[in-house]
Amino acid sequence: MTDLILRFAEPADSNVLFQLIKQLAEYEKLSHAVTGNVAALQEHLFGEQKYIEAILAEYQGQAVGFALFFHNYSTFLTKPGIYLEDLFVLPEYRRQGIGKALLTKLAQIAVERNCGRLEWSVLDWNEPAKAFYRSMGASILDDWRICRVTEENLKNLAAK
């Protein structure tokens with residue numbers, strides 16, 4: 001993949017990035033969960049308060065994948081970390097090293113920024129992704145579960 005370019009997303013990429021996010025949701029059978037929009041994504045990537053960063057993978061001038069991430073923090077390590085929210089490569093471009101290149105780029109960013117770890121979640125049914133992540137040196141932590149409060153429950157919790 002000598003024509004593969006990995007680069008930080010720019011404001012003009014917001015639309016194509018959102019289209020890739022919708023394709024990821026479709027792959028994960030979660031299209032119904034996409035309630036956001038391009039304007040919000042662009043604001044969170046490039047606004048006054050930047051919440052997220054994104055790396056685009058381009059092959060022969062076409063966006064074929066992305067990694068969207070943000071910093072978290074480990075109190076035990078007393079170091080920042082990187083949390084990979086989404087990693088996606090279009091189905092027709094898989095098994096060509098693009099996912100590996102994106103993960104490698106994130107690992108390089110984590111090392112450059114003196115992060116203690118790079119972490120992400122994987123759906124329990126996604127065996128191909130789990131095998132890929134293990135091949136890249138990742139451990140899948142069976143003893144940890146994600147806790148989430150959203151929508152009305154979030155508002156209710158905030159009001160207590």
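The values are calculated or read from the model by the stated rules, or taken from the named source; none is laboratory data. Treat the numbers as computed from the prediction; the structure is a model and nothing was measured. Cβ placement follows ideal geometry from the backbone for every residue including glycine, while neighbour counts extend to all protein chains displayed. Please note that ligands, DNA and RNA were not included when accessible areas were found on the heavy atoms of the full protein model with its side chains. Shrake-Rupley method; radii C 1.70, N 1.55, O 1.52, S 1.80 Å.
Rounded is the label for the chain, because a/c, from the alpha-carbon gyration tensor with a ≥ b ≥ c as root eigenvalues, stays below 1.5. Put a plus charge on the Cβ of each Lys and Arg, a minus charge on the Cβ of each Asp and Glu, and nothing anywhere else: the dipole of the chain about its Cα centre is then about 400 debye. Averaged over its residues, the chain has an accessible area of 67 Å² per residue, based on protein heavy atoms and a 1.4 Å probe.
In summary, the aspartates and glutamates within cross-link reach of residue 79, defined as a Cα separation below 16 angstrom excluding same-chain residues under 8 places away, comprise 112, 119.
So what's Rg/Rh here for the range 53-128, counting alpha carbon atoms and using the Kirkwood radius for Rh?
Details: Rg = 13.5 Å, Rh = 13.3 Å.
Here the Rg-to-Rh quotient is 1.01.
For chymotrypsin sites (Phe, Trp or Tyr not before Pro), the sites in the range 73-160 that DSSP calls loop and that have at most 15 other Cβ atoms within 10 Å are 76, 125, 144.
Legend: calculated FRET efficiency, residue 111 to residue 131, from the Cβ-Cβ distance at R0 = 30 Å, rounded to 0.05, equals 0.75. Excluding same-chain neighbours fewer than eight residues apart, the lysines reachable from residue 155 by a Cα-Cα span under 29 Å are 22, 29, 50.
If you take the square roots of the eigenvalues of the alpha-carbon gyration tensor of the range 107-160 and sort them as a ≥ b ≥ c, do you get rounded (a/c under 1.5), prolate (a/b over b/c) or oblate? Oblate, since a/c reaches 1.5 and b/c is not below a/b.
Just the number, please: carbon plus sulfur as a percent of the accessible area of the chain, 1.4 Å probe, no ligands or DNA/RNA counted. For the chain, the apolar C and S fraction of the accessible surface comes to 52 percent.
Distance between the 7 Å Cα→Cβ label points at residue 143 and residue 46: 4.5 nm.
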